[in-house]
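Novice: Structure provided below as structure tokens; questions to follow.
The values are calculated or read from the model by the stated rules, or taken from the named source; none is laboratory data. Predicted model only: the values in this text are computed from it and were never measured. Cβ sites come from the backbone with ideal geometry, for glycine too, and all protein chains shown count toward neighbours. Ligands, DNA and RNA are excluded from the accessible area calculation, which covers all protein heavy atoms including side chains. Shrake-Rupley method; radii C 1.70, N 1.55, O 1.52, S 1.80 Å.
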Amino acid sequence: MTSFVRRVEDYAERVLRPSALRTERDGVDAVRIGELRELGLLRHQALDRDDERRLHEIISGACFNTWLVWAQHAPLTGRLADADRAGRPLPVLARKALAGEILLGAGISDVRGYPRRFVSATRVDGGWILSGTISWVSGWGLSEALTVAGVDPATETVVTALVEVGDRTRRAEPLRLAVLDGSHTERVHLNDVHVPDESVIGRKTLEQTRFDDLAIASDARGHHFGLAGTVLRELDQHPDPLARSVATAWRPRVAAIRKTAYGLADEAAANGGGTYRLEERLATKVASGEALAALTRALVAARAGRGLAGDDTAQLHARSALFILVQGQSTDVRRAQLTHLAGLAASAAPVTHPGSSTGEAASC
């Protein structure tokens with residue numbers, strides 16, 4: 001672990017974790033963004049894969065709202081840094097993002113909805129016109145620019161560009177989220193935003209974009225294990241030995257899922273990504289979701305009635321686990337999740353009347 005990651009871990013324990021419930025209620029604010037900037041979390045950091053994953057685990061485990069806002073920004077600066085190293089000229093917004101001067105939001109997931117729902121990209125002299133509604137933008141009101149992916153229906157080309165937040169980017173409608181409401185996640189409408197060619201940071205075919213997206217959507221990632229680590233920790237701290245026994249029973253299972261998930265993701269990346277060992281990766285992601293569901297249920301049960309109160313972390317973690325269940329959910333992921341859940345019902349033992357000698361199933 002680098003000294004930078006250790007500094008982030010110290011900050012997470014001192015600042016993020018103690019204020020997580022308040023941040024869920026009041027929202028990530030400009031002060032929090034300033035703290036991230038001061039730490040260097042808004043600048044691109046040349047970290048190895050293990051340290052990058054560890055950062056996501058640390059921040060998500062301490063404050064999921066802060067993680068969601070930061071996690072829109074950090075991967076995009078990595079993409080810009082790659083372009084910079086390749087010698088591509090970068091626009092002013094990109095330079096500011098790389099230096100950590102501005103926070104980037106992300107509006108790229110609607111490509112998954114094409115052709116039913118998407119942001120359109122229309123070629124014009126010297127650039128593109130982006131128009132449509134972005135379904136999810138986290139950090140709205142905090143970010144000065146967005147990374148937007150639009151589709152040109154005429155050529156099925158995906159155009160990814162930096163868009164400055166301004167008069168032609170506005171909140172389409174308020175989202176009343178049951179979880180992570182402190183992340184300022186909104187629907188944002190683009191009203192024929194002109195993007196000059198120099199602000200375009202990528203052009204790919206729709207087919208290639210969907211192929212690359214498999215790596216994002218199909219793997220269990222750092223925030224899954226950051227949240228799991230926090231719930232295990234709180235179960236361990238519970239006075240009831242039965243709650244602690246849940247943590248003892250599940251900790252090896254979570255560690256094994258984490259090892260498998262990271263190993264499969266690395267192996268897939270080394271072998272071209274896409275559908276490489278896809279079913280195993282999907283099964284591992286489903287397993288991580290099931291572990292989170294079990295652990296958060298256990299914490300709510302251990303805390304009893306107070307676990308449902310707004311000032312208790314049990315319900316916050318349970319709702320965060322539900323968010324993970326649907327975040328970045330592709331058709332393949334949803335298929336794997338629902339197939340697994342149907343299989344659980346089919347393989348479950350019948351419920352019998354207590355003391356029944358016939359084993360006849362109870363009417364439930």
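Novice: With the requirement that a residue be open to solvent by less than 50 Å² (accessible area, probe 1.4 Å) and hydrophobic (A, V, I, L, M, F, W, C), what does segment 195-212 give you?
Specialist: Listed by number, the residues that qualify are V195, V200, I201, L206.
Novice: Working only within segment 76-95, note down all residues that are open to solvent by less than 70 Å² (accessible area, probe 1.4 Å) and either free of Cβ contacts under 8 Å to residues at least 40 places away in the same chain or in a loop (DSSP other than H, G, I, E, B) (or both).
Specialist: T77, G78, A81, D84, G87, L90, P91
Novice: Out of everything in segment 292-330 that is free of Cβ contacts under 8 Å to residues at least 12 places away in the same chain and under 24 Å from L278 (Cα atoms), what residue ends up being nearest to the chain's Cα centre (by Cα)?
Specialist: It comes out as Q327.
Novice: Among the numbered conditions (1) open to solvent by less than 40 Å² (accessible area, probe 1.4 Å); (2) under 30 Å from A309 (Cβ atoms); (3) under 19 Å from the mean Cα position of the chain (by Cα), tell me where Y11 comes up short.
Specialist: (3)
Novice: Among E164, E156, E173, which is the only one that is closer than 29 Å to T66 by Cβ, touching a residue at least 24 places away in the same chain (Cβ under 8 Å) and open to solvent by 40 Å² or more (accessible area, probe 1.4 Å)?
Specialist: E164
Novice: Shifting gears a bit: Which count do you get for residues in segment 123-136 that are crowded, with 20+ Cβ neighbours inside 10 Å and touching a residue at least 60 places away in the same chain (Cβ under 8 Å)?
Specialist: The initial filter retains those residues of segment 123-136 that are crowded, with 20+ Cβ neighbours inside 10 Å, namely 128, 130, 132, 134, 136.
Still in the running and touching a residue at least 60 places away in the same chain (Cβ under 8 Å): 128, 130.
The qualifying residues number 2.
Novice: Still on this structure: Select, from L47, L36, the only residue that is open to solvent by 10 Å² or more (accessible area, probe 1.4 Å) and not β-branched (V, I, T).
Specialist: Only one candidate qualifies: L47.
Novice: Among the residues of segment 116-126, which ones are touching a strand residue (DSSP E or B) at 6+ places or on another chain (Cβ under 8 Å) and either assigned to a loop (DSSP other than H, G, I, E, B) or over 22 Å from E207 (Cβ atoms) (or both)?
Specialist: R117, F118, V119, V124, G126
Novice: Please work out if V254 is touching a residue at least 12 places away in the same chain (Cβ under 8 Å), part of a helix (DSSP H, G or I) and crowded, with 21+ Cβ neighbours inside 10 Å.
Specialist: Spelling it out, V254 is indeed touching a residue at least 12 places away in the same chain (Cβ under 8 Å), part of a helix (DSSP H, G or I) and crowded, with 21+ Cβ neighbours inside 10 Å.
Novice: Is there any pair linking a residue in segment 1-27 that is in contact (Cβ under 8 Å) with a residue 40 or more places away in the chain and on the phi > 0 side of the Ramachandran plot to one that is among the aromatic types (F, W, Y) and open to solvent by 90 Å² or more (accessible area, probe 1.4 Å), with Cβ under 9 Å and at least six apart or on different chains, and which?
Specialist: Close Cβ pairs (under 9 Å, with a partner that is among the aromatic types (F, W, Y) and open to solvent by 90 Å² or more (accessible area, probe 1.4 Å)) do not exist here.
Novice: Let me ask something else. Is there a residue being among the small types (G, A, S), open to solvent by less than 30 Å² (accessible area, probe 1.4 Å) and either farther than 24 Å from A178 by Cβ or touching a residue at least 40 places away in the same chain (Cβ under 8 Å) (or both) anywhere in segment 340-358?
Specialist: Within segment 340-358 (the criterion being among the small types (G, A, S), open to solvent by less than 30 Å² (accessible area, probe 1.4 Å) and either farther than 24 Å from A178 by Cβ or touching a residue at least 40 places away in the same chain (Cβ under 8 Å) (or both)), the answer is no, since none of the residues qualifies.
Novice: Among (1) open to solvent by less than 70 Å² (accessible area, probe 1.4 Å); (2) within 21 Å of the chain's Cα centre (by Cα); (3) not aliphatic (A, V, I, L, M), which single condition is S245 missing?
Specialist: That leaves (2) as the condition not met.
Novice: Right, here's the next one. Which one of E38, E52, E57 is of a type in the set (D, E, K, R) and more than 23 Å from R233 (Cα to Cα)?
Specialist: Being of a type in the set (D, E, K, R) and more than 23 Å from R233 (Cα to Cα) holds for just one of E38, E52, E57, which is E38.
Novice: Among S120, S109, which is the only one that is open to solvent by less than 70 Å² (accessible area, probe 1.4 Å), polar (S, T, N, Q) and modelled with pLDDT of 95 or more?
Specialist: Only one candidate passes the filter, namely S120.
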